[in-house]
Amino acid sequence: MSTDVLAARTDPRTSRGPVDPDAVASPAELRDVAREHGVVAALTALAALHPVAALPGECVLLPDDVPPPAGAARVGVVASDDGALVVWRAARPGAAAADGASTVDGEPPAADDAVRVADAAWRVGVAWVRTGLCERLTEQAVERLRGRSVGGTTTVNLAPVRLVLADAALAHLEAQSLLGRPAAGRAAPVPAATLARVTAVLDRSSRAVHNLFGASGYVDGEAARLARTIDLLGHASGTLPTGPAGGREEQHA
Amino acid sequence: MSTVDLDALRDHLRPVGAALRAHALAIDADPGALHTLLDSGVLPYRELGGFPPGYLDDPLRVRGVPVHVRTCVERVVVAETLAWGDASVVVGAPGPSMSGVVVDDLADDEQRDRFYERVAQPRTWTFFGLTEPDRGSDAAALETAVADGGPDPADGGAVGPVLRGHKKYVGNVARASLGVVFARHRPGPLGVGVHLVDTDRPGFDAAPLSTTGMRAVQLGEVRLRDVPLLPHDTLGRHLSPSRRGLLGAVRTFNRLRPVVASLAVGVTRAALDYVRAERSSFTADERWRLATFEDRLHAARALVLQAARAADADPADGTLPAAAKATALDLAEEVTHAVPPLLGPGARWEHPYLDKLVRDVPGLEMMEGTRTVQRLTLAQGWLQGRARHAELV
Ligand SMILES: Cc1cc2nc3c(=O)[nH]c(=O)nc-3n(C[C@H](O)[C@H](O)[C@H](O)COP(=O)(O)OP(=O)(O)OC[C@H]3O[C@@H](n4cnc5c(N)ncnc54)[C@H](O)[C@@H]3O)c2cc1C
């Protein structure tokens with residue numbers, strides 16, 4: 001039996017069908033929007049689902065026309081494959097706001113519970129978006145490698161490439177099951193450790209998939225921008241701030 | 001074998017690494033700023049370029065001893081020390097660079113003179129034209145051809161052989177004065193030759209590409225539209241068929257891989273030093289992680305050095321160089337991503353140097369073959385009994 005890839009097929013048992021980015025009813029659907037329509041549509045849909053929120057000093061990436069949290073400062077722009085995203089930093093209380101290091105060595109600024117819950121909900125939404133973007137990147141990589149060959153074998157059929165694809169599929173499945181855990185009885189939509197695990201799994205897999213593009217993924221183009229967007233969304237929103245010491249004592253290194 | 005004290009060489013070059021660091025962000029933002037760095041005179045790029053004795057008036061001297069940076073061991077020490085400041089400048093500086101290594105391996109005396117005399121001129125870049133849009137890892141299947149140029153439209157005589165094809169993802173090609181082009185003259189693995197080509201020849205049409213990192217390299221592409229090829233352009237005519245062309249160049253790749261690995265080691269060192277300079281206290285977990293990274297850095301550096309020694313001793317064996325590249329890239333990727341979160345949310349924007357390090361590493365991943373390809377080479381070598389008894393201590 002041939003193991004060659006002919007064309008992508010949709011499994012009717014798992015596909016939810018085309019998703020309308022303007023009618024997203026749950027965070028899980030953000031994944032489909034991200035995969036099919038890209039990051040701008042997905043973050044716009046997330047902002048329609050949950051208020052944009054970030055704890056003091058934390059960063060969020062938003063499409064140009066999505067308003068940032070009140071008092072946030074613009075700190076950068078990310079050129080995604082799908083348009084620009086603006087990087088906003090939520091206001092830090094007091095004068096220490098300008099000093100980046102002050103929140104690093106000290107305790108995170110106090111935030112009320114409502115902001116914490118909203119911040120966590122936003123991060124979980126971003127994790128769903130990243131899951132869909134990782135799938136998008138993987139599909140593009142497969143598309144490219146179907147058209148290339150090494151030693152007469154189509155690159156997508158090389159065993160080490162297949163292993164990367166299998167690991168990517170496993171990562172996407174794990175992310176979904178972790179993010180989809182019922183939140184009953186918990187203040188936050190997912191525990192900090194769970195979100196951190198999702199982030200780590202997606203980070204590792206998206207880097208491996210990005211490498212499948214070879215040097216073409218290093219030229220400033222669609223794949224490079226998509227990979228960078230996935231990376232920076234993870235950097236900004238991938239982990240819940242638990243306090244630098246996490247209950248342990250800080251010591252000089 | 002190297003007679004230079006490697007620690008002394010490192011110490012000697014540390015200030016150069018620091019100077020590269022000072023220019024790194026400007027060059028990342030605008031690769032044209034490389035000229036400002038060159039104007040400043042802090043980078044002795046000709047002395048570090050690996051010229052054979054006799055082509056430069058005044059070679060690098062470390063504690064009075066001339067160092068020609070000709071061995072792989074010397075090259076990895078130089079590359080690591082400078083990559084602490086900016087890995088992309090190490091690859092993007094003018095000089096013999098990768099072409100120099102292939103010229104050393106394949107050229108006859110006349111070709112060596114032609115190459116090094118030209119490159120010894122100030123600010124002369126070279127290029128290494130192997131990769132094609134459809135052929136990267138699969139270099140053996142490259143399609144750029146040595147073709148028959150047909151009749152000369154001017155006088156009806158024969159044009160002679162020409163280069164016809166397209167090379168892509170080639171460092172420095174759009175500003176190079178000369179370099180090497182890998183091209184096929186007949187089917188099969190022995191049918192690929194290496195040709196020394198001046199870029200001012202008609203039909204040589206190069207342009208830069210915009211990349212996400214390693215910007216001083218000014219990656220580019222070149223269309224070869226019937227570029228005239230002269231008999232003395234072909235390297236290795238005096239060598240046996242298995243020692244010239246692509247097969248001969250395997251020795252070159254084996255010598256270059258430890259250098260790419262050492263760039264990754266330098267980048268890793270830079271990331272770890274940066275976080276310690278910016279932050280004075282760490283949690284127990286963080287200290288544990290940093291200590292593990294330091295251990296792995298130490299191990300990777302030892303492996304790279306050993307791989308360089310092995311490449312100097314037997315350039316035909318690529319097993320340890322492949323191991324060194326895979327190890328160093330694994331570590332560089334992990335560390336450059338692990339460090340920014342230690343400096344708080346948004347560190348990738350607040351500390352653009354760290355963001356640059358993150359963006360440079362995937363470029364190192366591609367240079368001289370991906371980690372996957374290195375692992376396959378390592379496994380193959382190991383199965384054949386190579387690198388099993390390597391001694392790192
Ligand atoms: C900063 C930079 C500088 C460079 N400088 C130069 C230069 O000066 N000159 C030059 O000629 N080239 C240069 N290159 C190109 C580089 O050598 C190629 O990118 C590299 O060889 C990979 O080829 P590719 O990009 O075509 O990827 P591909 O070969 O298409 O690889 C795509 C994917 O397939 C995988 N793959 C390929 N073969 C196998 C296999 N046999 N088994 C399993 N998996 C496989 C790879 O790991 C990769 O993930 C440079 C690249 C960069 C990024």
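The values are calculated or read from the model by the stated rules, or taken from the named source; none is laboratory data. Please read all numbers here as calculations on a predicted model, not as lab measurements. Cβ atoms come from the backbone with ideal geometry, glycine included; neighbour counts cover every protein chain shown. With ligands, DNA and RNA removed, areas are computed over all heavy atoms of the protein, side chains included. Shrake-Rupley method; radii C 1.70, N 1.55, O 1.52, S 1.80 Å.
Take the Cβ atoms of residue A:174 and residue B:294, set R0 to 41 Å, and the FRET efficiency comes out at 0.85. The label-point distance for residue B:200 and residue A:25, in a model that sets each label 7 Å from Cα toward Cβ, rounds to 7.2 nm.
At the nearest 100 Å², what buried accessible area, both sides summed, do you get for B and A when the probe is 1.4 Å?
The buried area between B and A, both sides summed, comes to about 3600 Å².
Remark on residue B:314: its backbone amide H falls under 5 Å from none of the residues 5 or more positions apart or on other chains, H modelled at 1.01 Å from N. Across B:288, B:382, B:84, B:125, the residue with the most accessible area heads the list, and the full order at a 1.4 Å probe is B:288, B:382, B:84, B:125.
Taking each residue of B:124-137 in turn, how many C-beta atoms of other protein chains fall within 10 Å of its C-beta, and what is the average? Walk me through the numbers on the way to the answer.
Details: counts 0, 0, 0, 0, 0, 0, 0, 2, 0, 3, 3, 3, 6, 6.
That average works out to 2.
Looking at the protein assembly as shown, the accessible area is 41 square angstrom per residue; that uses a 1.4 Å probe and ignores ligands, DNA and RNA. When the surface is traced with a 1.4 Å probe over the full set of protein chains, residue B:155 keeps roughly 120 Å² accessible.
Using every pair of distinct Cα positions in the protein assembly as shown, the Kirkwood expression returns a hydrodynamic radius of 26.2 angstrom. Largest mean-square fluctuation among B:171, B:156, B:129, in a Gaussian network model of chain B whose springs join Cα atoms under 10 Å apart, belongs to B:156.
Amide H to amide H distances under 5 Å link residue B:220 with B:169, B:170, B:171, B:172, B:173, B:209, where only residues 5 or more positions off or on other chains count and H is placed in the peptide plane.
Between residue B:129 and B:180, B:181, B:182, the built amide H atoms are under 5 Å apart, and every one of these is 5 or more places off in sequence or on another chain. Treating each Cα of region B:245-383 as an identical point scatterer and ignoring solvent, apply the Debye formula and state log10 I(q)/I(0) at q = 0.12 Å⁻¹. Values returned for q = 0.12 Å⁻¹ are -0.50.
Cα-based radius of gyration for region B:1-153, normalised by 2.2 N^0.38 Å, reads 1.19.
What is the distance in Å between the Cα centroid of region B:6-37 and that of region B:261-327? Their Cα centres are 20 Å away from one another.
By accessible area of protein heavy atoms, probe 1.4 Å, what ranking do B:184, B:14 get, highest first?
Greatest to least solvent exposure: B:14, B:184.
Measuring how big chain B is from its alpha-carbon positions, Rg and Dmax come out at 21.1, 80 Å. Here the accessible area of region B:245-383 is 58 percent carbon and sulfur, with a 1.4 angstrom probe and all protein chains present. Please give every one of the aspartates and glutamates within straight-line cross-link reach of residue B:167, meaning a C-alpha to C-alpha distance under 13 Å, and leave out same-chain neighbours fewer than 8 residues apart. Counting by Cα, and skipping residues close in sequence, residue B:167 has these aspartates and glutamates nearby: B:132, B:134, B:143, B:205, B:221. Partner shielding of A:205-215 amounts to 4, given as the average count of beta-carbon atoms from other chains within 10 Å of each residue beta-carbon. Over region B:6-93, the fraction of Cα-Cα pairs per 10 Å bin, rounded to whole percents and listed from the shortest bin up, is 18, 52, 27, 4. Axis of helix B:319-338 versus longest Cα principal axis of chain B: the two differ by about 50°, to the nearest ten degrees. What FRET efficiency comes out for the pair residue B:65/residue B:353, r = Cβ-Cβ distance, R0 = 30 Å, nearest 0.05? Step by step, r from the Cβ atoms, then E = 0.35.
The longest stretch of chain B left intact once loop-based GluC sites (Glu not before Pro) with at most 16 other Cβ atoms within 10 Å are removed from consideration, loops following DSSP, is B:144-390.
Remark: mean inter-chain Cβ contacts per residue of B:338-345 equal 5, using a 10 Å Cβ-Cβ cutoff to other protein chain atoms.
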